[in-house]
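Written out below as structure tokens is the structure these notes cover.
Derivation of every value follows stated rules applied to the coordinates shown; laboratory data play no part. Source: prediction; values computed, not measured. Don't worry about glycine lacking a Cβ; one is built from the backbone with ideal geometry, like all the others, and counts go over all protein chains shown.
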Amino acid sequence: MRIYFFAFSVLLFQMAVFPKLLSFQSMIPDFLTIFIILFTLKNELYKSLKMASFIGILQDLLSPSGLLFNTATKISISIIVYIVKDRFYYSNIFMKSFFIVFFSLLDIFSKSLLLYFKTGIFELPPFSIFYILINLIIFYSAASKYEYR
């Protein structure tokens with residue numbers, strides 16, 4: 001239960017603080033995607049899907065844009081992370097970097113693809129590299145803190 005409260009507080013922190021401090025051309029780092037990746041790496045599929053659904057639904061409910069894509073992307077990222085998590089040696093630094101870059105790109109691409117299905121306009125944000133870089137930094141800071149606990 002504490003982990004759900006933690007996820008909810010991170011969501012509120014991400015929506016209230018980061019748009020003012022860390023946004024760059026309307027690109028905001030997504031702590032919750034990183035959290036879902038780390039949570040899925042450490043837990044089984046059922047718990048990961050529950051957490052991804054909880055976070056995705058809350059993000060969609062509290063999103064001012066009205067696009068309900070977070071639930072689908074969080075669940076798909078959780079499933080794919082669970083499928084590939086036992087297929088590589090996780091402590092390798094190259095694999096960690098590839099892992100987070102791949103899933104950040106998957107997050108961007110899936111949201112753009114869902115937007116295309118809804119509106120007919122396919123557009124990748126021009127500052128996606130900033131989003132990927134910030135997510136990579138967040139992932140390393142969270143993963144290094146989590147590994148030394």
**Request:** Round to the nearest 0.05 the FRET efficiency obtained for Arg87 and Lys47 when R0 = 22 Å and r is the Cβ-Cβ distance.
**Result:** 0.65
**Asked** Residue-wise, which Karplus ³J(HN,Hα) couplings in Hz belong to region 2-9, taking 6.51 cos²θ - 1.76 cosθ + 1.60, θ = phi - 60°, and x for glycine or proline?
**Response** 5, 5, 6, 5, 4, 5, 5, 5
**Net charge over other residues, Cβ less than 11 angstrom from the Cβ of Thr73 (K, R count +1; D, E count -1)** = -1
**Asked** Near Lys111, within a Cβ-to-Cβ distance under 14 Å, what is the net charge of the other residues, with Lys and Arg +1 and Asp and Glu -1?
**Response** -2
